Every structure is written in structure tokens, then in C-alpha cells.
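Working notes, structure below.
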Amino acid sequence: MLDIIDLTKKYKNITAVNGVNFTIYDGEVFGLLGPNGAGKTTTVRMISTITPKTAGDIVINGESINRNLTVLKIKIGVVPQHNNLEKEMTAWENLEVHGILYRMPKVKRRQKIEEMLEFTELTERKDHLVNTFSGGMKRKLMIARALLHEPEILLLDEPTVGLDAGARRKIWDLMKQLKSGGLTVLLTTHYIEEAEALCDRVGLINNGKMIRIDTPKNLIEDVGEFTVECFKDGKTTEEFFDTREEAIDYAADLEGIVQIRPANLEDVFLKMTNRRVES
Amino acid sequence: MIGLYGLLWQEFVVFKRKFFTVTIGALISPILYLIAFGWGLGNSLEIDGMSYMAFIIPGIIAMNTMMVSFNSTANSINISRLYYKTFEEYMVSPINMTVYTLGKIIAGALYGAYSAALIIIVVSLFTSDLVLTPYFIMIAVLNCFVFSAAGFFVGLMINSHSDMAKFSSFVITPMSFLCGTFFPIAKMPELLRGFIYLLPLTHTNLALRSAGETAVQMMLHAGVLLAYFIVLFVLEARVCKNVE
Ligand SMILES: Nc1ncnc2c1ncn2[C@@H]1O[C@H](COP(=O)(O)OP(=O)(O)OP(=O)(O)O)[C@@H](O)[C@H]1O
Ligand SMILES: [Mg+2]
């Protein structure tokens, strides 16, 4: 279980994360959803102890984490937003170093490396330099690396950013497999479909503040299940309704390009923050 | 300590892959210095009763181990923090930050020692001016560690790669010219000499030559270098525990 308590990060003149609270239960996939600059990465970096926190606490199974608690850190796997693979080494060598750093005994390590390469479909490329990998392959290798030491909690910062639809699907499939294996996951995204497809619960974050935490379904129902979108004079406006009939009634009186569609998390976000999520 | 093994294994893999560029790169500038100052000027000069060639060889070893150790570690840390972000992988991992600091310093010092070995081999092919003693080797290695540790500090504290180059031209380059590499510091004005005597490279140069010095003086050089190393190392290990 991961408890985030009043977590705060202040830079000189910016409060990147402002008193955020949430709990992730064992086996749960929790999504942090928010626009650029919301504070998602900062939150994940504080949990992974890369960024020192200004205030608050991060508690894993009852124990506060910090950078120098090496034993507790073995329980976490991290996939950062930006590629941090060793570029002048092969995929296999990257995994080997990681395994050594995480104190895996040799036989177990070698076996697990093969398994993770298989899992991420990189076996054929294992002896190629990371420099020669595509974006999707690097991403998959980073996931393989984060999972190598069998962490209890996986932190993923925008796992599918910059990937094409096919590669994104593949990563989603990996994630779903992991989820069925009982792994606890915190992922950040600004792709709303991603949160909808993968997360048990979603935390909406904006300007460093947690606005709301709920299941994707509840969040959508709260807003209204149907969205009427109207494009007029170069601007799009949205209204939300509980039933299709209400939505149709409302749409009948509108001018401009009108569309009725099921509400999604993006609508939730829009309504709560009064701004569009750029994706 | 398994973390130390992981770190050094990784450095070794990369070293093997860059073997030829590292080797050629480490040889070019010392050979140029030897040609210019040794053969070029050397025949017509004598310093402290020895040929200029015999005088300059220890100086070039001191300067070169300084530069190679400093640059390897400073660049490695700086690039890994600012560009490749691999520094983060280590901060996330359960490696102790003191062990990380030590591992990186050792790796940089090994680059320095490797370049020193190359120079010694090259020099031995052409002259018999260089006499290796255990003291000589110890000082050369200590010099590698001091400047690798200095490089670690600079790589850790400086947040842009262009500022790294500035640091080199304001600190490292002046040291290589002023600390007795090319001429004895006795030729310096009194005022400057006191200051120069505080710099680590001065002691390396004096120790590597150690002509006519007492045992106490020789120990003093080693002590100064060791003190520099320990202060830097302790400071860095502490910074690493909290750095962003
Ligand atoms: N090292 C830093 N120094 C100063 N400000 C920072 C630093 N890192 C992040 N910030 C600021 O903190 C805020 C939150 O940034 P963060 O990277 O956490 O956002 P994010 O939600 O991950 O956004 P994105 O979707 O673009 O990745 C931003 O305003 C950013 O400018
Ligand atoms: Mg981010």
C-alpha cells in the first residue's frame, strides 16, 4: 500500500505539487491525470526519491521512504517520463546492470532477464545497442527494466508518450497482464483513453492540486453520460446531460456544428478545470 | 558493495566499446607536448641539472592524469545528470550514494591511470629518462583520485555543459601551466608561489620529480593530495544524499 500524505514540492517561485493526498491499495492501478505542468511528474519523482520533497510524507506499507533507505527502494520499479537507458550499452547489458544494482543473484537475474525480454518482445534485439532502438522499443525496455527485480509497486510516468497507436496498444496489453498479476501501479498520463482503459481509480490533478479521486465510471456519471459539443465562431463549447433525450432536446436549439456523444474522462476534466486537456 | 561491482562493470562495458577512441584520445596531447617541449626545446635546455626531457616527463604525466581523470568524471556525471538522465536510474536504485560516489571516482581515476600507463609505455620506447618507483606510482594514482573527485564535484554542481568548459579554462588549464609542469615553481614570483603551493597539482609535480627531497617533504606531498581527496569525497557523498 502506498500512502501519499500532504505531499508538497516548492521550487523558487512555483508550487509544483501542493498538498496532495491519496492512497493506492495493493493490486490497484491508480492513474494521475492532468494537463501539462499539473505536477504529475513531480509527484512521481518525489515518490521515486529523485526529487526531494518540500513537505509531506510518502509511506510504503507503513514505512516512510527516502533516498537512503536502500531496502525499501527495492520494492519500487520506476519508468520515468524521459528515456534514461544507457545508450552505449545493449538491451541485455542495461538489464544486467539493473539486476546487479538491485542485488539479484546471478542465476535468478539471468533467468529473469530472458523472461522480461520475452515479455516485451525484445529477445531478438537484446544484443543491439539501445541507440539503435525505436521509441517504442526503448519504452518497452524501460518497462522490462523496471519490472526485472519484481517490485511490489510500479511507477510509470506517461508510459506511452510519443508512441503510435499500435505500440501504445502493445504497452496497454502489457499493463493489463501486469494488473492481472496483482502488481500495484501508479501511472500518469494525459491521454484520457489510457486512464479509462487501465485505471481502477483516477486522480485528477491540476496546478499541483488533487481535484478529485474516483473510478473512471463514477467520474463520467457525475458529469452526465452524454455530451453535446457545439462548434461555433471558432470555439467549442460542451454541455453534459444524464440522458440521451435531454441531450437531443438541447442540441435541437443550437446553431453551429453540433455533435452528441458519450461523455469521457476528458469531459470530466474539462468541466472540473474549465480547460481543455491537450493531447 | 555489490552496487560498486555493478557500477564498475557498466563502466568497463562502455570502456571496451570505446577502447580505440579512448586510447588514441589519451595519447594525442601528451605526445604533442613531448614533441614540442621535449624534443623541440629539450636538447638545448637544462633544468636543475637534468635534461629538459627528464624534467618534463613527470610533469606531463601529472598534467595528463589530472586532465583525463577530471574530464572523464566531470563529463560522465554532468552528461548523466543533464542529458542522458542515467544519474536518475542510480538515485532510484538501492545503491548507497556513498558507494555511487566512490564508484564513479574510481572509474574516472582508472581512465587517468590508463592514460598514464600509455604515456609511460610510449616514453620508455624512446628514452630511459623515466625511473618508476613505488612512490612515483602511488603519487600518480593519488593524483588520479584527487582530480577524479574534483571532476565529480564539478559535474554534480554545474548545471550546464558550457559552464563546464568555463570551469576547465578558469581552473584546470591555469593549474596545468602554473603548478610546475613545464618549469620549476621556484621561478615564480614569491607572492604567487605561496598560493601555488596550496594547489594539488603542484604537489604531484614536486613528488613525481622528488629530486633531492627529504622523506618528510615526500610524505607532505602525499598527505596534501590525500587530504584533498578525503575532503572532496566526504563532501560529495553528503551532497549526493540530497541532490536533485
Ligand atoms: N526542476 C524544476 N525547477 C523549477 N520548476 C520545475 C522543475 N520541475 C518542474 N517544475 C515545474 O513544476 C510544475 C509541474 O511540472 P511537472 O513536470 O510535474 O508537470 P507534469 O504534470 O508532469 O506535466 P507534463 O504533462 O508536461 O509532463 C511545472 O510548472 C514545472 O514548470
Ligand atoms: Mg510529466
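The values are calculated or read from the model by the stated rules, or taken from the named source; none is laboratory data. All figures in this text were calculated on a predicted structure; none of them were measured in a lab. Cβ coordinates were reconstructed from backbone atoms using ideal geometry, including for glycine residues, and neighbour counts include every protein chain displayed.
Brief remarks on what is shown
- Test for residue A:156: is it within 16 Å of ligand 1 (Cβ to nearest atom), at pLDDT below 90 and under 21 Å from residue A:40 (Cα atoms): no
- Taking (1) under 21 Å from residue B:229 (Cβ atoms); (2) in contact (Cβ under 8 Å) with a residue 12 or more places away in the chain in turn, residue B:171 satisfies each apart from (2).
- Flag if residue B:163 is touching a strand residue (DSSP E or B) at 6+ places or on another chain (Cβ under 8 Å) and surrounded by fewer than 21 Cβ atoms within 10 Å (Cβ to Cβ): no
- Where residue B:243 falls short, out of the listed (1) part of a helix (DSSP H, G or I); (2) closer than 20 Å to residue B:80 by Cα: (1)
- Cβ-Cβ under 9 Å pairs, at least 6 apart or on other chains, segment A:45-63 side within 8 Å of chain B (Cβ to nearest Cβ) and at positive phi, far side not in a loop (DSSP other than H, G, I, E, B) and not aromatic (Phe, Trp, Tyr): A:49/A:58; A:49/A:73; A:49/A:76; A:49/B:91; A:49/B:92
- Within segment B:57-172, helices (runs of 4 or more DSSP H) holding 1 or more residues that are of a type in the set (D, E, K, R): B:86-92, B:97-126, B:161-167
- Members of segment A:75-96 found to be facing chain B (nearest Cβ under 7 Å) and over 28 Å from residue A:27 (Cα atoms), listed by number: A:86, A:87, A:88, A:89, A:93
- Among residues that are more than 14 Å from chain A (Cβ to nearest Cβ) and under 15 Å from residue B:233 (Cβ atoms), residue B:124 is not included.
- Scan of segment A:33-59 for residues that are among the hydrophobic types (A, V, I, L, M, F, W, C), within 16 Å of ligand 2 (Cβ to nearest atom) and at pLDDT 95 or above, ordered by number: A:44, A:46, A:47
- Those residues of segment A:10-31 which are within 13 Å of ligand 1 (Cβ to nearest atom) and under 13 Å from residue A:200 (Cβ atoms), in sequence order: A:31
- Test: residue in segment B:170-182 that is surrounded by fewer than 19 Cβ atoms within 10 Å (Cβ to Cβ) and more than 20 Å from residue B:58 (Cα to Cα): yes
- For segment A:164-207, filtered to residues that are among the β-branched types (Val, Ile, Thr) and under 29 Å from residue A:8 (Cα atoms), the residue that is farthest from ligand 1 (Cβ to nearest atom) is A:184.
- Picking from residues in segment A:144-175 that are more than 14 Å from chain B (Cβ to nearest Cβ) and β-branched (Val, Ile, Thr), the one that is farthest from ligand 2 (Cβ to nearest atom) is A:171.
- So residue A:71, is it away from ligand 2 (no atom under 16 Å from the Cβ), surrounded by fewer than 20 Cβ atoms within 10 Å (Cβ to Cβ) and facing chain B (nearest Cβ under 8 Å): yes
- Test: residue in segment B:192-215 that is under 30 Å from residue A:66 (Cβ atoms) and either at pLDDT below 95 or in a helix (DSSP H, G or I) (or both): no
- Residues satisfying the stated conditions in segment A:33-55, i.e. within 8 Å of ligand 1 (Cβ to nearest atom), farther than 19 Å from residue A:211 by Cα and charged (D, E, K, R): A:45
- Scanning segment A:208-217 turns up one or more residues that are away from chain B (no Cβ under 14 Å), buried (at least 21 other Cβ atoms within 10 Å of the Cβ) and within 16 Å of ligand 1 (Cβ to nearest atom).
- Applying the condition of being charged (D, E, K, R) and in a helix (DSSP H, G or I) to segment B:13-49 and asking which residue is nearest to the chain's Cα centre (by Cα) yields B:16.
- Scanning segment A:1-14 for residues that are more than 16 Å from ligand 2 (Cβ to nearest atom) and part of a strand (DSSP E or B) yields A:2, A:3, A:4, A:5, A:6, A:8, A:10.
- Each residue in segment B:38-58 was checked for being in contact (Cβ under 8 Å) with a residue 12 or more places away in the chain and either surrounded by fewer than 20 Cβ atoms within 10 Å (Cβ to Cβ) or within 14 Å of chain A (Cβ to nearest Cβ) (or both), and 5 of them qualify.
- Test: residue in segment A:145-168 that is surrounded by fewer than 18 Cβ atoms within 10 Å (Cβ to Cβ), of a type in the set (Lys, Arg) and in the same structural domain as residue A:110 (by TED's automatic domain parsing): no
- Hey, residue A:77 of a type in the set (Gly, Ala, Ser), more than 16 Å from ligand 1 (Cβ to nearest atom) and within 23 Å of residue B:98 (Cα to Cα) or not: yes
- In segment A:96-109, the residues that are in the same structural domain as residue A:77 (by TED's automatic domain parsing) reach residues that are buried (at least 21 other Cβ atoms within 10 Å of the Cβ) and small (Gly, Ala, Ser) with C-beta atoms within less than 6 angstrom, at least six apart or across chains, in these pairs: A:97/B:6; A:100/B:6; A:101/B:3; A:101/B:6; A:101/B:93; A:109/A:99.
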